[in-house]
Amino acid sequence: MTNPYVPLLFLAAIGGGFAVFSVVAGSLAGPKRYNRAKLDAYECGIEPTPHASGGGKVPIKYYLTAMLFIVFDIEGVFLYPFAVAFNKLGLFALVEMVLFIITVFVAYAYVWRRGGLEWD
């Protein structure tokens, strides 16, 4: 009888070996012609501008978009198990899921009404 972790360790060794092989092969086979432009940070074609010492201000719209993504992502995480076990859960679970969806829909309507989905 073998240890049940042997296949897992074998898979981790294969993955680690592939990662090391890829880095080494890329450094050996890649071009060696470096210049100033290649060593600069890529800024989407825009010349980089100096930032304030404190990091500068980030628009609040980024945080709001991230929070909206998390709210609707969590909704999906709760809907998948419900959909899989729908036949076994009964009427109580159906009512609870309808209340959950209504709550999320109210939040969605509120954000839509306040203009949270418009990117300026």
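The values are calculated or read from the model by the stated rules, or taken from the named source; none is laboratory data. Note that the structure is a prediction, hence the values are computed from the model and not measured. Positions of Cβ are backbone-derived with ideal geometry, glycine not excepted, and every protein chain shown enters the neighbour counts.
For the reader, a short list of remarks on this structure follows.
- Selection count where residues are surrounded by fewer than 10 Cβ atoms within 10 Å (Cβ to Cβ) and within 18 Å of Phe69 (Cβ to Cβ), scope the stretch 84-119: 3
- When residues in the stretch 78-120 are screened for being in contact with a Lys or Arg (Cβ under 8 Å, 6 or more places away or on another chain) and at pLDDT 85 or above, 0 of them pass.
- Scan of the stretch 83-111 for residues that are of a type in the set (Phe, Trp, Tyr) and under 29 Å from the mean Cα position of the chain (by Cα), ordered by number: Phe86, Phe100, Phe105, Tyr108, Tyr110
- Pick from the stretch 71-83, criterion surrounded by 10 or more Cβ atoms within 10 Å (Cβ to Cβ) and of a type in the set (Val, Ile, Thr), ranking: farthest from Thr103 (Cα to Cα): Ile74
- Just one of the listed residues (Glu43, Glu75, Glu47) is modelled with pLDDT under 85, under 30 Å from Trp119 (Cβ atoms) and assigned to a helix (DSSP H, G or I), and it is Glu75.
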